[in-house]
Amino acid sequence: MAHPDDLELWAGGTLALHARHAPVTGAVRAHDPVRDAEAAASAKVLGIGLELHETLDAAVIDGLIRRHRPDVLITHPMDDVHPDHRAVAAAVLEGLPEAHIHTGSPRRLYTCDSYNSLTLNGPVNAPVIIDITATFEQKIRALAAHQSQPIEDHFGPMAHNLARLWGARIGTAHAEAFTPLPILGRLPGATQL
């Protein structure tokens, strides 16, 4: 992810949910000591590992995939409204093929939600919606660890609204949404992310 608060903002409930059953590691571009410390505190709340990298280019993505061999990789939408998000997504698409050919990982690739569920090309099209009701408060606590950011007045209310809206689509209190992307032209069948 592009920013220290992106993991929890866009996928925090899902990451916390998955961390109950398997190791989860978030990779984020390092920023400054304050934001990096907030990211570490937030990762602890989510129950996930965290790696901070000076850059998240294709070579770093390739190395992360080869080292961690994830079953699932989540990144930003390719047409995200934020240019930093688009850059990370482009690096994932560039760095993933060779690592996947050599490791078979990841088996599934998803993009997450974005600001008010809008991209440069219109609304986020997310056919995979995960019920995060059980981990929603954990997500909000993790987001609150980012005291240097406008959580209370901006990101927090947006996280609440998006989770309620996605939740309403599947008849639950809170949810997060994801879009599957093909890996080398294939979308494998799955029973979960």
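The values are calculated or read from the model by the stated rules, or taken from the named source; none is laboratory data. Here the structure is a predicted model, which means the values were calculated and not measured. In case anyone asks, the SASA skips ligands and DNA or RNA and just uses the protein heavy atoms, side chains included. Shrake-Rupley method; radii C 1.70, N 1.55, O 1.52, S 1.80 Å.
Among the listed values [x] 9.9; [y] 15.9; [z] 18.9, the one matching mean projected area of the Cα convex hull in nm² as calculated from this structure is [x].
What is the percent carbon and sulfur in the accessible area of the chain, measuring with a 1.4 Å probe over the protein chains and ignoring ligands?
On the way: 4960 of 9070 Å².
Ligands and nucleic acids excluded, carbon and sulfur give 55 percent.
Averaged per residue, segment 1-140 has 43 square angstrom of accessible surface, using a 1.4 angstrom probe with ligands and nucleic acids left out. When only Cα pairs below 8 angstrom with a gap of at least 6 residues are kept, the chain shows a relative contact order of 26 percent. The listed residues Lys139, Lys44 rank as Lys44, Lys139 when sorted by accessible area, largest first, using a 1.4 Å probe. One Cα centroid belongs to segment 1-16, the other to segment 54-129; the line between them spans 13 Å.
Treating each Cα of segment 1-66 as one equal point scatterer and applying the Debye formula with no solvent, the log10 of I(q)/I(0) at q = 0.14 Å⁻¹ comes out as -0.38.
Got the relative contact order for segment 79-186 handy, in percent, Cα pairs under 8 Å and 6 or more residues apart? In percent, rounded to a whole number, it is 36.
Structure remark: mean-square fluctuation, Gaussian network model of the chain, C-alpha springs under 10 Å; the largest value among Gly171, Gly12, Gly156 belongs to Gly171. Couplings for segment 133-143, taken from phi via the Karplus curve 6.51 cos²θ - 1.76 cosθ + 1.60 with θ = phi - 60°, read 3, 5, 10, 4, 5, 5, 4, 5, 5, 5, 5 Hz in order; Gly and Pro are left as x. Ligands, DNA and RNA are left out, and with a 1.4 angstrom probe the accessible area of segment 149-189 is 56 Å² per residue.
Working note: 222 nm ellipticity from helices only, DSSP H runs with n ≥ 4, each -39,500 (n - 2.57), summed and divided by the residues of the chain, gives -14000 deg cm²/dmol to the nearest 500. Considering only Pro157, Pro33, Pro180, the mean-square fluctuation computed in a Gaussian network model of the chain, springs between alpha carbons under 10 angstrom, is largest for Pro33. Here the Gaussian network model covers the chain, with springs between Cα atoms less than 10 Å apart; of Arg169, Arg86, Arg107, Arg169 fluctuates the most.
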